[in-house]
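Working notes for the structure below.
The values are calculated or read from the model by the stated rules, or taken from the named source; none is laboratory data. From a predicted model like this one, the values you see are computed outputs, not experimental measurements. Glycine also receives a Cβ, built like all others from the backbone with ideal geometry; neighbour counts cover every protein chain displayed. Accessible surface areas use protein heavy atoms only, side chains included; no ligands, DNA or RNA. Shrake-Rupley method; radii C 1.70, N 1.55, O 1.52, S 1.80 Å.
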Amino acid sequence: MYNLPADFINEQKVWDTLEANKNAGFEKIMEVLAKARLMKGLDLEDVAVLTGISHPELLAKLFCAANEVKETIYGKRLVLFAPLYISNLCANECLYCAFRATNKDIVRNSLSQGHIAREVEVLIKQGHKRILMVAGESYPNQGFQYVLNSIKTIYNVKTEHGEIRRVNVNIAPLSTEEFGQLKDAGIGTYQIFQETYHRETYGKVHQGGKKCDYNWRIFSLHRAMEAGIDDVGIGVLFGLFDYRFEILAMMQHIFELEEKFGIGPHTISVPRLEPATNSDIASRPPFPVSDIDFRKIVAIIRLAVPYTGIIMSTRETAKMRRETFALGVSQISAGSRTNPGGYGEGTEDDPSGQFSLGDHRSLDEVIRDVASMGYIPSFCTACYRIGRTGQDFMDLAKPGDIKLHCGPNALSSFKEYLQNFASPATAENGNKLIRETIAGMNGIARLRAEKLVQRVEEGLDDVYC
Ligand code: SAM
Ligand code: SF4
């Protein structure tokens, strides 16, 4: 199935829409921003109008609208996670990635289950509750079973400091049957980035291995959804091609999933090309995305798909990460390593990592910083654990309902972190923020928050509503 051309990525339509809307005037732009504030999403033309904005005053208006939508839907919550690279073995030849098959200058490593468990223990001890499991596309000894075993290993690590409560995965596309097994293994979100939606560029930067097949990749989320995985994540590797084209093509992908399966992606990631060992293209991106355009991308996505989470990784600097929280980012990684085994024994600038990192701070430092900006770091995994996924999650994802659940849950999971893992300085800042946040709440949300936080103070872990 799905061997047909992916007609829903209609390149001509993307170019035509961009061309027709590139010089939209002030009134048209304000009309689109007013529509965006209704938080019902935007169509292709609207998105094209926003990609054409370049005047600083209009950009400021775009950022302001994105901030309003972000605050209304998500409040001040920021979900935290850590990537866990289990293997950098790869049969593909992606020109931008250090893990590509012909790169001889990195140390190859596929972690044993014991080693994965040790890495997980390190992350648990730091206070993490959510892991994004990542791997190259080659599992030489046990095949796909290696992936399944690794998920099981992660969930089975129970320590005096707690456990991992949600495993998301970012691995190469699978068959429908394998996706079914992935679902049964209890994953949270299945993530896959198309890298570039532009077919010609896709062909140029993927020069060997199964990943050369654009169709196999673009239809992977159809297969995942058919297999019952209803939380899926998408993304573009920005820098490979014109970002305007990529945003519109990604919207076409989203519309296709909504039309076929009644639900779009749970998250969108916005990786920007970073230097990688022996990769020219990663050091000199063919379509470099400036910092201002990067902020614009985040703001446009926030307005176009208001209820979809936006993930910002440690590829970006602390400064850029800070700036994008206000524009729509809702999930961040912290204290990351991109080399397998990197948490136990690696260094953050290990050349065997997948790419260079922009933010080298520890989880505790990131949390202190985020809290000092008034954001509530959240380790909540409630929705996934009680089955509020896919459409059920989207039904909940209305500002009022989110306030009743996510707000109190974020506070109790943050309190748990502060009590069990934080440095004294972070605990002091964080506890003050929790008190101030609860003081600013009212009604049922406040009662719930007070009760949940109190239960954590009494020594209970993992409390949520
Ligand atoms: N190997 C699988 C795949 O390619 O789908 C799974 C994950 S791959 C390790 C994770 C993502 O890292 C890729 O989808 C790509 O977008 C990103 N990536 C690769 N090289 C990068 C680079 N130089 N800078 C930033 N992100 C990069
Ligand atoms: Fe392999 Fe993924 Fe890197 Fe491509 S991006 S070389 S598939 S790990």
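Assorted remarks:
- Amide H to amide H, with H built 1.01 Å from N, residue 345 comes under 5 Å of no residue 5 or more places away or on another chain.
- Any cysteine of the chain lacking a neighbouring Cys Cβ under 4.7 Å - listed by number: 64, 90, 212, 380, 383, 406, 465
- Span-like helix ranges in the chain, DSSP H, alpha carbon extent 15 angstrom or more, Kyte mean at least 0.5: 291-304
- Overall form of segment 68-132 per C-alpha gyration tensor (a/c, 1.5; a/b vs b/c): oblate
- Most to least packed among 33-40, 333-340 [average Cβ atoms within 10 Å]: 333-340, 33-40
- Highest-first arrangement of 71-79, 420-428, where packing means the average Cβ count within 10 Å: 71-79, 420-428
- Net dipole in debye of the chain [+1 Lys, Arg Cβ; -1 Asp, Glu Cβ; about Cα centre; nearest 20]: 740 debye
- Taking every alpha-carbon pair within segment 132-209, the share separated by more than 20 Å comes to 41 percent.
- Most to least accessible of 230, 16, 359, 242 (protein chains only, probe 1.4 Å): 16, 230, 242, 359
- Less than 5 angstrom separates the built amide H of residue 79 from those of 331, 332, 378, all sequence-distant by 5 or more or on a different chain.
- Base-10 log of normalised Debye intensity for segment 1-108 (one unit scatterer per alpha-carbon) at q = 0.11 Å⁻¹: -0.68
- Estimated 222 nm signal from helices in the chain, with DSSP H stretches of n ≥ 4 weighted -39500 (n - 2.57), rounded to 500: -14500 deg cm²/dmol
- Using C-alpha pairs under 8 Å with a sequence gap of at least 6, the mean separation divided by the residue count of segment 399-457 gives a relative contact order of 52 percent.
- One equal scatterer on each Cα of the chain, no solvent, Debye formula: the resulting log10 I(q)/I(0) at q = 0.13, 0.14 Å⁻¹ is -1.26, -1.49.
- Restraint check, 211/296; 104/183; 28/204; 35/211, Cα-Cα greater than 32 Å: 104/183; 28/204; 35/211
- Order by protection proxy (mean Cβ within 10 Å, highest first), peptides 207-215, 312-320: 312-320, 207-215
- Share of carbon and sulfur in the accessible heavy-atom surface of segment 72-361 [1.4 Å probe, %]: 49 percent
- Ignoring aspartates and glutamates fewer than eight residues from residue 22 along the same chain, the ones with Cα atoms less than 20 angstrom from its Cα are 11, 31, 43, 45, 46, 57, 242, 246, 293.
- With the convex hull constructed from alpha-carbon coordinates only, segment 399-457 shows a mean projected area of 3.6 nm² over all directions.
- Accessible carbon and sulfur surface of segment 399-457 relative to its total accessible area, %, 1.4 Å: 52 percent
- Relative contact order for the chain, counting Cα pairs under 8 Å that sit 6 or more residues apart, in percent: 20 percent
- Pairs from 70/260; 40/70; 319/432; 13/40; 125/403; 125/432 whose Cα-Cα separation, in the structure shown, is over 19 Å: 70/260; 319/432; 13/40; 125/403; 125/432
- Solvent exposure of the chain, expressed per residue, is 39 Å² of accessible area, with all protein chains present and a 1.4 angstrom probe.
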